[in-house]
């Protein structure tokens, strides 16, 4: 059973949710209900699991589908398998979207070992992000 959040953690989550109303990897925003057969629910993802500490430095914003990809799920879309989101990818996303809270030293301490170098996400995520963030969502066909 997960431990209860402190008052400070709840406040941090509330602020985080107000700042980030889109998935950092695919760009789907919180006004979309479904994408690629998945509910487009936004979720806070703990970047490093061994240290699964609820601090801003260890949180990324992902939709349910991308969250599953970050946990190693194999997801098919349009006849192909979607690329996974590695720890290196999520570190890169954190640095791009929440640079003031990007702290490798804190994440390394939580992880308990050296972190991989940051690595940009696969082209599929960039294409998806661009489409969701620049097109009229009424005109966009779900993948």
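Restricting attention to region 108-131, the residues that are under 18 Å from residue 63 (Cβ atoms) and touching a residue at least 40 places away in the same chain (Cβ under 8 Å) total 7.
Might you let me know whether region 21-28 holds any residue that is surrounded by 10 or more Cβ atoms within 10 Å (Cβ to Cβ), over 15 Å from residue 67 (Cβ atoms) and at pLDDT 90 or above?
Looking for residues that are surrounded by 10 or more Cβ atoms within 10 Å (Cβ to Cβ), over 15 Å from residue 67 (Cβ atoms) and at pLDDT 90 or above, one finds at least one in region 21-28, hence yes.
Annotation: residue 84 fulfils all but one of (1) free of Cβ contacts under 8 Å to residues at least 24 places away in the same chain; (2) closer than 18 Å to residue 20 by Cβ; (3) outside any helix (DSSP H, G or I); the unmet one is (2).
Just to be sure I understand the filter: pairs with C-beta atoms under 7 Å, separated by 6 or more residues or on different chains, first member in region 50-73 and on the phi > 0 side of the Ramachandran plot and in contact (Cβ under 8 Å) with a residue 12 or more places away in the chain, second member surrounded by 16 or more Cβ atoms within 10 Å (Cβ to Cβ) and assigned to a loop (DSSP other than H, G, I, E, B). Which pairs pass? That search, which allows pairs on different chains as well, returns 72/84.
Just one residue in the set 110, 115, 93 is part of a helix (DSSP H, G or I) and either in contact with a helix residue (DSSP H, G or I) (Cβ under 6 Å, 6 or more places away or on another chain) or over 22 Å from residue 134 (Cβ atoms) (or both); that residue is 110. Do you know which residues across region 58-81 are touching a strand residue (DSSP E or B) at 6+ places or on another chain (Cβ under 8 Å) and not in a helix (DSSP H, G or I)? Those that are touching a strand residue (DSSP E or B) at 6+ places or on another chain (Cβ under 8 Å) and not in a helix (DSSP H, G or I): 59, 60, 61, 62, 63, 74, 75. The residues in region 43-57 that are outside any loop (DSSP other than H, G, I, E, B) and either at pLDDT below 85 or surrounded by 19 or more Cβ atoms within 10 Å (Cβ to Cβ) (or both) can be counted, and the count is 2.
Scanning region 4-20 for residues that are assigned to a loop (DSSP other than H, G, I, E, B), modelled with pLDDT of 90 or more and surrounded by 12 or more Cβ atoms within 10 Å (Cβ to Cβ) returns a single hit, 20.
The values are calculated or read from the model by the stated rules, or taken from the named source; none is laboratory data. Everything numeric in this text was worked out from a predicted model, so none of it was measured. Please note: Cβ atoms are built from the backbone with ideal geometry, for glycine as well, and neighbour counts cover all protein chains shown.
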